[in-house]
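Have a look at this one.
The values are calculated or read from the model by the stated rules, or taken from the named source; none is laboratory data. Owing to the predicted nature of the structure, the values given are computational and were not obtained by experimental measurement. Cβ atoms come from the backbone with ideal geometry, glycine included; neighbour counts cover every protein chain shown. Please note that ligands, DNA and RNA were not included when accessible areas were found on the heavy atoms of the full protein model with its side chains. Shrake-Rupley method; radii C 1.70, N 1.55, O 1.52, S 1.80 Å.
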Amino acid sequence: GGTVFLDEAHTLDVKAQQKLLRVLQEKTVRRMGTTKEVKVDFRLVVAAKPELEQLVQNGSFLADLFERLNVLKIDIPPLRERPEDIEPLVAFFCELYERETGQKKRFRTRTVRYLEKYSWPRNVRELENLVRRLCIDSTSEDIVPEHLDARFFELATASPVASIKTRIDNVMKSELIGALETSSSQREAARKL
């Protein structure tokens, strides 16, 4: 009746893939050291970095298992393509730090703006580790840009994809707000847009 989360499914070897496929097909497992099959009922959530479909095509992932797993697919783009998520993530990680230590820390808005321009090659884990390190290192409650290291101030590290996406999002937001402000209803604004 629960949920099993399998991270990095792309790293499963063929033998493990075969065993998982059998469990999903037969809905039974055999506990270590026994020969008795036990019925199971669970939801399986799987995460994989490369596209599993590509792994199926090159023969390193079982097609039958892929079809069993590919019921509902959710693509989460890398953090560099969604800078709008950085501010709420930073707030969340600060909240976790406060719960663990009892120390309140907060990132100033201008500090977050520097983080939004960074390319985040190691994704959300890199952001989480940075927030934790800055919370530990900072003697004050506020984390300011001066606490950041040089990589956050170099234009070369800014993601062109993120900055283009941000500009497009800002234009779309501006158009939407303008249409809503000059219309008497949402329906009228939708027609204008």
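So if I take the centroid of the Cα atoms in the range 50-124 and the same for the range 3-27, what is the distance between those two points in Å?
23 Å
While we're looking at this one, here's another question. Can you give me the distance in nm between label points at Glu37 and Ser185, each placed 7 Å from the Cα along the Cα-to-Cβ direction?
With each label point 7 Å from Cα toward Cβ, the separation is 6.0 nm.
With the other protein chains left in place, how much accessible area per residue, in square angstrom, belongs to the chain at a 1.4 angstrom probe?
Details: 13560 Å² over 193 residues.
Result: 70 Å² per residue.
Compute, for Arg125, the solvent-accessible surface of its heavy atoms (probe 1.4 Å) with the complete set of protein chains present, and express it in square angstrom to the nearest 10.
It works out to around 140 Å².
What value, in deg cm²/dmol to 500, does the helix sum -39500 (n - 2.57) over DSSP H runs of n ≥ 4 give at 222 nm once divided by the residues of the chain?
Counting only the DSSP helices, I get -15000 deg cm²/dmol.
Compute the length gained on full extension between Glu81 and Arg108: take 0.36 nm times their separation in residues and subtract their Cα-Cα distance, giving the result in nm to one decimal.
Roughly 7.5 nm would be gained on extension.
For the chain, return all DSSP H helices satisfying: extent of Cα atoms along own axis at least 30 Å; mean Kyte-Doolittle hydropathy at least 0.0. Mind dumping the intermediate values first?
Numbers: long enough: 160-181 (31 Å, 0.20).
Those that pass (Cα extent of 30 Å or more, hydropathy at least 0.0) are 160-181.
Could you state how much accessible area Ile177 has, in square angstrom rounded to the nearest 10, with a 1.4 Å probe and all protein chains kept in place?
70 Å²
Tally Lys and Arg at +1 and Asp and Glu at -1 over the other residues with C-beta under 11 Å from the C-beta of Arg110: what net charge comes out? List each step's numbers first, then the result.
On the way: positive: Arg108, Arg113; negative: Glu116, Asp142, Glu146.
Spelling it out: positives minus negatives among the neighbours equals -1.
Also, I was wondering about something else. How big is the charge dipole of the range 1-118 about its Cα centre, in debye rounded to the nearest 20, if each Lys and Arg gets +1 on its Cβ and each Asp and Glu gets -1 on its Cβ?
Taking the Cα centre of the range 1-118 as origin, the dipole is about 440 debye.
Using DSSP, restrict attention to beta bridges with both residues in the chain and report what percent are antiparallel, rounded to the nearest 5. Please list the in-between numbers first.
Details: 4 of 11 bridges.
Antiparallel bridges make up about 35 percent of those DSSP assigns within the chain.
Please list Leu148, Leu44 in order of solvent-accessible area, largest first, computed with a 1.4 Å probe with all protein chains present.
Leu44, Leu148
Would you pull out the residues with amide H under 5 Å of Tyr118's amide H, same chain only if 5 or more places away, H placed 1.01 Å from N?
none
List the aspartates and glutamates whose Cα lies under 14 Å from the Cα of Lys36, skipping any in the same chain that are fewer than 8 positions away.
Within the straight-line cut-off, Lys36 pairs with Glu26.
With all protein chains present and a 1.4 Å probe, how do Val124, Val45 order by accessible area, largest first?
Val45, Val124
For every other residue with a beta carbon closer than 11 angstrom to the beta carbon of Tyr97, add +1 if it is Lys or Arg and -1 if Asp or Glu, then tell me the sum.
+2
If you don't mind, another one. On the accessible surface of the range 54-190, probed at 1.4 Å, how many percent belong to carbon and sulfur atoms?
Values: 4840 of 9130 Å².
Carbon and sulfur together cover 53 percent of it.
Of (1) 1.10; (2) 1.02; (3) 0.94, which is the value of Rg/Rh (Cα atoms, Kirkwood Rh) derived from the coordinates here?
Checked against the structure: label (1).
Measure up Lys73/Lys117; Lys105/Lys173; Lys15/Lys49; Lys105/Lys192 against 32 Å on the Cα-Cα distance and list the ones that go over.
Working: Lys73/Lys117 28 Å; Lys105/Lys173 30 Å; Lys15/Lys49 20 Å; Lys105/Lys192 44 Å.
Pairs exceeding the cut-off: Lys105/Lys192.
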